[in-house]
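Colleague: Please find one structure pasted underneath; my questions will follow.
The values are calculated or read from the model by the stated rules, or taken from the named source; none is laboratory data. Computed from a prediction, not measured in an experiment: that's the story for all the values here. Because the Cβ atoms are built from the backbone with ideal geometry, glycine has one as well, and the counts that use them run over all protein chains shown.
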Amino acid sequence: MKKNIDNKFICFSGDVSIYLKNGLKKNIDDVSVGDQITNYNIYNKRFDVTIVEKVVSSEHTIRNTITFSNNSEIKSTIDHPYFIVGKGWCSVNPELAAQKYKLKVNKMVVGDICLYFNGKGLSNVQIIEISTQFGEYKMYNISGGENHNFFANGILVHDENIMEFDLTQKGVEFELLEL
């Protein structure tokens with residue numbers, strides 16, 4: 001089996017839910033350009049609303065499943081940054097995130113604490129397991145706004161600012177906000 005970890009975009013499985021402005025959730029594979037999603041300003045500790053400006057999907061052959069103490073989980077690429085309390089942005093593979101996206105991130109490990117949004121407020125959840133799977137996976141990401149983050153299954157994650165990437169390569173589907 002081919003184990004390609006050099007795919008262009010860091011993303012999530014299609015069943016990951018995203019909090020919308022109205023408090024409802026939508027799976028990331030159903031999010032459209034123009035949707036208003038909830039994000040968080042980590043500097044002034046306030047919730048904000050972002051208009052989705054770009055939606056991306058691409059194929060991957062490796063992913064992680066991150067399991068949390070509240071029994072939730074997220075399937076994401078191995079380099080996707082999550083916000084970790086006391087450590088800032090972290091990834092299972094920070095070297096790959098730095099190489100591909102020029103992001104300075106720390107190493108994510110079991111025991112780290114993430115911010116969890118339940119639709120009303122924030123709480124802390126602990127990472128209790130990180131596992132890796134190999135196969136064929138269609139993954140998704142969204143981007144927009146100045147905070148460069150959103151809540152995936154309630155967990156604060158980076159949007160990778162995919163607004164700045166060239167998306168015209170083979171195998172990448174995308175949609176842009178028309179201004």
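Colleague: Read through the list (1) in a strand (DSSP E or B); (2) modelled with pLDDT under 95; (3) not hydrophobic (A, V, I, L, M, F, W, C), then give the number of the only condition that TYR116 fails.
Modeller: Of everything listed in (1) in a strand (DSSP E or B); (2) modelled with pLDDT under 95; (3) not hydrophobic (A, V, I, L, M, F, W, C), TYR116 misses just condition (2).
Colleague: Report yes if some residue within segment 11-20 is surrounded by fewer than 19 Cβ atoms within 10 Å (Cβ to Cβ) and outside any strand (DSSP E or B); otherwise report no.
Modeller: First, pick out the residues of segment 11-20 that are surrounded by fewer than 19 Cβ atoms within 10 Å (Cβ to Cβ): 14-15, 20.
Restricting the remaining residues to those that are outside any strand (DSSP E or B) gives 14-15.
Yes, segment 11-20 contains at least one residue that is surrounded by fewer than 19 Cβ atoms within 10 Å (Cβ to Cβ) and outside any strand (DSSP E or B).
Colleague: Output yes when any residue across segment 99-106 is in a loop (DSSP other than H, G, I, E, B), modelled with pLDDT under 95 and of a type outside the set (Lys, Arg), and no when none is. Please lay out each step first, then the result.
Modeller: Initial filter on segment 99-106 (in a loop (DSSP other than H, G, I, E, B)): 102-105.
With modelled with pLDDT under 95 added as a condition, the list becomes 102-105.
With of a type outside the set (Lys, Arg) added as a condition, the list becomes 103, 105.
Yes, because at least one residue in segment 99-106 is in a loop (DSSP other than H, G, I, E, B), modelled with pLDDT under 95 and of a type outside the set (Lys, Arg).
Colleague: In segment 33-51, what residues are of a type outside the set (S, T, N, Q) and assigned to a strand (DSSP E or B)?
Modeller: ILE37, TYR40, ARG46, PHE47, ASP48, VAL49, ILE51, listed by residue number.
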